[in-house]
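S.K.: Just passing along the structure, written as structure tokens.
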Amino acid sequence: MIRGLCLTASALVLLAAPAFAQQDKCGPAPTAPVVPKGKDATVQQLNSTATDIKAYVKSSDDWQVCLKTDLDAQMAAAKDSKQPFDNKIKVAIEAKGDANQKDKERVGKEYATAVADWRKAHPK
């Protein structure tokens, strides 16, 4: 009985290893900066946030390129070894990239709103 459980556990680990490997290749998605409330923010906070957002967008772009490069390499390796490529891997990687892209867009909109709110609260 114990032998059967050990063999089953070993098989699961071996079968799951490729999925774990593809998940870690590029690391986790970059973390988006927090955008301050515009009407309460200082100019320095808004400027600092703009710098943080630029760095976030750059690291996100690099991360998305890593995902694409990794996906292309996995697909090429499957083709070279004449093995079918598991489309679930492609869907999962593309979903991660799409979520990151939407997060970049969200942060950009939040920042634009914060600046507009600051300008309304601090008219010239």
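The values are calculated or read from the model by the stated rules, or taken from the named source; none is laboratory data. Because the structure is predicted, anything quoted here is derived from the model rather than measured. Using ideal geometry, Cβ is built from the backbone for each residue, glycine included, and neighbour counts are taken over all protein chains shown.
S.K.: For segment 31-59, which residues satisfy the criterion of being assigned to a helix (DSSP H, G or I) and basic (Lys, Arg)? Give the steps one after another, and end with the answer.
M.R.: Here is the first cut: in segment 31-59, the ones assigned to a helix (DSSP H, G or I) are 43-59.
Once the filter is applied, which keeps residues that are assigned to a helix (DSSP H, G or I) and basic (Lys, Arg), segment 31-59 yields Lys54, Lys58.
S.K.: Search segment 96-114 for residues being crowded, with 16+ Cβ neighbours inside 10 Å and of a type outside the set (Ser, Thr, Tyr), and hand back the single one that is farthest from Thr31 (Cα to Cα).
M.R.: From segment 96-114, those crowded, with 16+ Cβ neighbours inside 10 Å are 96-97, 100, 103-104, 107, 110-111, 114; that's our starting set.
Pick out the ones that are also of a type outside the set (Ser, Thr, Tyr) and you get 96-97, 100, 103-104, 107, 110, 114.
Details: Lys96: 13, Gly97: 13, Asn100: 9, Asp103: 9, Lys104: 10, Val107: 11, Glu110: 15, Ala114: 19 Å.
The selected residue is Ala114.
S.K.: Then there is this: Among the numbered criteria (1) at pLDDT 95 or above; (2) closer than 22 Å to Glu110 by Cβ; (3) touching a helix residue (DSSP H, G or I) at 6+ places or on another chain (Cβ under 8 Å), which one does Lys54 miss?
M.R.: For Lys54, the failing item is (3).
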